[in-house]
Amino acid sequence: MLVRNRDRALEQLYRRAVAARDELPTAVPPYRTLPQSLVVSGLERGTKLNVDLFFDFLRTGVNPSEDDTREVVDIALGRVRDGEPLEEVLGRYRLGAEYIWSRIRAAAAESERELLTDAALPLLSYLTLLTARIATACVQRAHDPRWELLERRRAIADALITGRDPIEWADEPAIAVPDAFVIAVFRLGTGAGGTRHGADTSELRHRIEAIPGVFLRLDSGGWTALLPRQPGDDGTATLAALTTRLLPAHPIGQADSLPGQFARQPESPAPRTPPPAPFWVGVTVASSRAEIPELFAEARMLAELGRCLDRSQMVCRRTDLMFEYTVAAGGSARTGLAAVLAPLDSQPLLAETLEVFVDTGFNQLATARLLNIHRNTVTYRLARIHELTRLDPLRPTDAMTLSAARIARRLESASFAP
């Protein structure tokens with residue numbers, strides 16, 4: 001009877017742990033600051049495995065074998081390889097365990113509290129075992145020359161982006177660090193249903209990482225790549241090469257006609273891969289190292305614009321987004337601008353009419369056609385928008401303000417974070 005009661009209580013605790021586990025990506029700060037595609041591709045999978053492994057350990061009292069924890073360790077190694085500091089990767093285990101444990105404890109019945117107290121020591125034992133295995137695997141990988149080279153290239157990227165001298169990271173053996181770069185900041189989106197598989201984001205990272213001479217690092221929204229420019233290239237050829245390599249139908253390793261340092265020798269044809277996770281690339285061109293920090297900030301803002309506005313074009317340049325960039329750069333004023341459209345929140349038909357009116361270049365006839373309504377209805381609705389917002393969509397300056405407010409609201413609702 002006691003065994004049966006314990007098993008039943010453990011099952012209840014497990015179900016609560018699963019519910020708390022599913023809340024982690026939106027509840028715990030380290031998860032909120034990572035790209036959703038990366039959360040889904042590795043962290044959510046790792047959390048599921050950890051909860052299952054711990055409760056198996058709690059039921060049986062038998063430590064998980066190295067084979068049992070291999071996938072969890074590999075996920076952690078992948079995050080470190082992507083450029084996350086080991087202490088942050090390991091720190092998430094502590095934060096995740098604390099969150100799940102607190103949620104379980106808050107919902108526990110009095111009869112379950114003794115079981116929770118008994119489970120505290122096994123939880124500590126499990127976390128110690130797992131983090132030790134991850135740390136050991138990282139130390140072993142640290143002696144891999146290719147791993148070390150990737151680490152040094154990431155350190156060079158960090159130095160260039162923050163305006164520090166990268167030379168200390170480029171010695172023995174020397175890594176060539178040119179003066180001129182195309183800066184490409186990648187921001188990841190989500191696919192159908194709001195999720196992506198790990199293979200999608202890994203495939204995209206491999207596409208970027210395979211570019212000869214690239215300096216690549218993971219950041220809070222995706223990746224930043226510094227692409228060396230060849231002499232005589234104003235950035236056009238380098239950008240064209242990058243765009244070609246990132247096309248979904250362009251398999252890694254396939255022979256192509258990319259210019260300069262992107263040229264590859266013919267290899268065996270690789271199978272075509274499915275499209276990568278949706279992404280946008282903010283690009284700027286730096287003629288000297290001194291320009292990189294400022295232009296990196298610009299590229300980051302452009303990539304975020306692409307993500308928040310869900311642009312159909314993958315590559316985002318300032319020349320194509322001058323109006324949107326001006327709104328985005330407004331800082332605190334952007335929030336006030338977004339509030340201009342608040343009176344339309346309870347008027348979905350008016351809000352939709354304004355959206356279409358702006359998208360059609362302020363054309364009433366085109367708006368009426370797209371909405372399948374009479375032009376007089378469009379005129380009436382625009383008049384109502386004027387009444388509610390005190391801005392006349394038919395007056396050029398007011399129309400521009402409404403258009404800017406529309407962009408600001410989309411940025412705010414998509415958690416714009418340059």
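The table that follows gives values for the structure above.
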| read-out | value |
| --- | --- |
| Tabulated pairs, the stretch 319-339, first closer than 16 Å to GLU304 by Cβ, second acidic (Asp, Glu) and part of a helix (DSSP H, G or I), C-beta under 8 angstrom, 6+ apart or interchain | ALA328/GLU304; ARG334/GLU412; THR335/GLU412; ALA338/GLU412 |
| Total residues in the stretch 365-385, condition free of Cβ contacts under 8 Å to residues at least 12 places away in the same chain and either at negative phi or not assigned by TED's automatic domain parsing to the domain that holds ALA351 (or both) | 11 |
| Among the candidates GLY221, GLY260, GLY232, residue that is crowded, with 21+ Cβ neighbours inside 10 Å, at pLDDT below 90 and under 23 Å from THR284 (Cα atoms) | GLY221 |
| Hits in the stretch 386-418 - residues which are charged (D, E, K, R), assigned to a helix (DSSP H, G or I) and surrounded by 14 or more Cβ atoms within 10 Å (Cβ to Cβ) | ASP398, ARG406, ARG409, ARG410, GLU412 |
| Checklist (1) modelled with pLDDT of 80 or more; (2) surrounded by fewer than 15 Cβ atoms within 10 Å (Cβ to Cβ); (3) among the hydrophobic types (A, V, I, L, M, F, W, C); (4) within 16 Å of the chain's Cα centre (by Cα) applied to ALA199, failing item | (1) |
| Selection status of ALA383, buried (at least 18 other Cβ atoms within 10 Å of the Cβ), assigned to a helix (DSSP H, G or I) and of a type in the set (Gly, Ala, Ser) | no |
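The values are calculated or read from the model by the stated rules, or taken from the named source; none is laboratory data. Model, not experiment: these values are computed from the prediction. Cβ sites come from the backbone with ideal geometry, for glycine too, and all protein chains shown count toward neighbours.
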